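Heads up, the thing below is written out as structure tokens.
The values are calculated or read from the model by the stated rules, or taken from the named source; none is laboratory data. Predicted model only: the values in this text are computed from it and were never measured. A quick note on method: Cβ atoms are made from the backbone with ideal geometry, for glycine too, and the neighbour counts reach across all protein chains shown. Remember, those area values only see protein heavy atoms, side chains included, never the ligands or the DNA or RNA. Shrake-Rupley method; radii C 1.70, N 1.55, O 1.52, S 1.80 Å.
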Amino acid sequence: MKRREDAPVATPDICGVEVANLTEDEAISFIDRLVGEAGPHYAAVVNAAKIVVANKDMALKRALLEADLVTADGMSIVWASRLLGQPLKQRVTGIDLFEQLVGRAAERDWSVYFLGAREESVRGVAEKLVKSHPTLRVAGWRNGYFDESESESESVAEAIAASRADLLFVAMGSPVQELWISSNLERTGVRFAMGVGGSFDHVSGFARRAPRWMQRAGLEWLYRLMREPRRLWRRYLIGNSAFIWLVARQRLGRV
Ligand code: UDP
């Protein structure tokens, strides 16, 4: 995470990634300020799997270190912060920030652009959010299935710039969304962008979020694993063990 003189927060180092020690309300106020400043700015969220990948993939690590704000999407990050003696106040998930920011955008008259997920899902997000926030200005949307070549990304970024959106939400999964934002942010002309993972599918109703009790118990990953075991087993089972190893190594190095 970028160091700012006026940073309102301590930034615990979780296995080489700096995570802001903010409550959800504080994170929203911080983003509100970023939107008002000369930008562009971007935020990201991390879970255990993303931290493990960032320890191998320098491009992802750089994208996280250069973000203006990184928060803990997964409960395991909060537990790790406690074990490492730099406790985070709470978990601040991508989907909660997304929903709060859309509400803030409707109040502040910031226009929004949705990039990512399948066509039906992203269209559903735009339609649903306009219904729930009648003053929301949707500058545009686009599905997240395009060729990852530079020229295609450039034309997607130019379409976003032409829409004159203030905020950009990118839901293309990790690390694609973080890398896409860090390479294309300037060209999009937005004030603020953020990677929001599977949020569009949750908001549009294409995927269901884990029950509250599982979210609170830090078991959201288990719920997702049970629903999509083939796609996710490697990410969670191998990723979670690798994360425990990274945390243990950091902890032992400090004792
Ligand atoms: N997705 C996309 N383009 C792709 C691959 C995936 O837009 O090339 C979308 C996918 O449709 C889903 C979203 O990325 O809506 C997030 O997927 P995932 O649940 O893996 O997110 P994560 O767990 O990484 O936050």
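Against the condition more than 29 Å from Leu65 (Cβ to Cβ), without any contact (Cβ under 8 Å) to a residue 60 or more places away in the chain and not assigned by TED's automatic domain parsing to the domain that holds Ala38, how does Leu222 come out, does it pass? Yes; evaluated as a whole, the condition is true for this residue. Collect the residues in region 10-49 that are in contact with a strand residue (DSSP E or B) (Cβ under 9 Å, 6 or more places away or on another chain), farther than 18 Å from Asp96 by Cα and open to solvent by 20 Å² or more (accessible area, probe 1.4 Å), keeping them in residue-number order. Those that are in contact with a strand residue (DSSP E or B) (Cβ under 9 Å, 6 or more places away or on another chain), farther than 18 Å from Asp96 by Cα and open to solvent by 20 Å² or more (accessible area, probe 1.4 Å): Thr11, Glu18, Gly39, Pro40.
Only residues that are farther than 19 Å from Gly74 by Cβ, of a type in the set (A, V, I, L, M) and buried (at least 24 other Cβ atoms within 10 Å of the Cβ) were counted in region 177-197, giving 3.
No other residue among Phe206, Phe243 is touching a residue at least 12 places away in the same chain (Cβ under 8 Å), under 21 Å from the mean Cα position of the chain (by Cα) and open to solvent by 80 Å² or more (accessible area, probe 1.4 Å) apart from Phe206. Scanning region 126-171 for residues that are under 15 Å from Trp110 (Cβ atoms) and in contact (Cβ under 8 Å) with a residue 40 or more places away in the chain returns Leu129, Ile160, Ser163, Arg164, Ala165, Asp166, Leu167, Leu168, Phe169. Only one of the numbered conditions (1) in contact (Cβ under 8 Å) with a residue 40 or more places away in the chain; (2) open to solvent by less than 70 Å² (accessible area, probe 1.4 Å) is not met by Leu232, and that is (1).
Taken over region 205-219, the criterion of being assigned to a helix (DSSP H, G or I), touching a helix residue (DSSP H, G or I) at 6+ places or on another chain (Cβ under 9 Å) and modelled with pLDDT of 85 or more is satisfied by Met214 alone. Taken together, the residues in region 137-176 that are assigned to a loop (DSSP other than H, G, I, E, B) and either open to solvent by less than 60 Å² (accessible area, probe 1.4 Å) or more than 12 Å from the ligand (Cβ to nearest atom) (or both) amount to 11. For Ser76, the requirement of being away from the ligand (no atom under 14 Å from the Cβ), closer than 17 Å to Phe243 by Cα and among the small types (Gly, Ala, Ser) is not met. Restricting to region 102-136, give me the number of residues that are near the ligand (Cβ under 10 Å from one of its atoms) and part of a loop (DSSP other than H, G, I, E, B). Of the residues in region 102-136, 2 are near the ligand (Cβ under 10 Å from one of its atoms) and part of a loop (DSSP other than H, G, I, E, B). Each residue in region 222-237 was checked for being modelled with pLDDT of 85 or more and outside any loop (DSSP other than H, G, I, E, B), and 11 pass.
Would you be able to tell me the number of residues in region 142-175 that are farther than 11 Å from Thr188 by Cβ and either in contact with a Ser or Thr (Cβ under 9 Å, 6 or more places away or on another chain) or of a type in the set (Gly, Ala, Ser) (or both)? So the count comes out to 12.
Of all residues in region 177-204, those satisfying the criterion of being away from the ligand (no atom under 11 Å from the Cβ) and either in a helix (DSSP H, G or I) or not assigned by TED's automatic domain parsing to the domain that holds Ser29 (or both) are Leu179, Ile181, Ser182, Ser183, Asn184, Leu185, Glu186, Arg187, Thr188.
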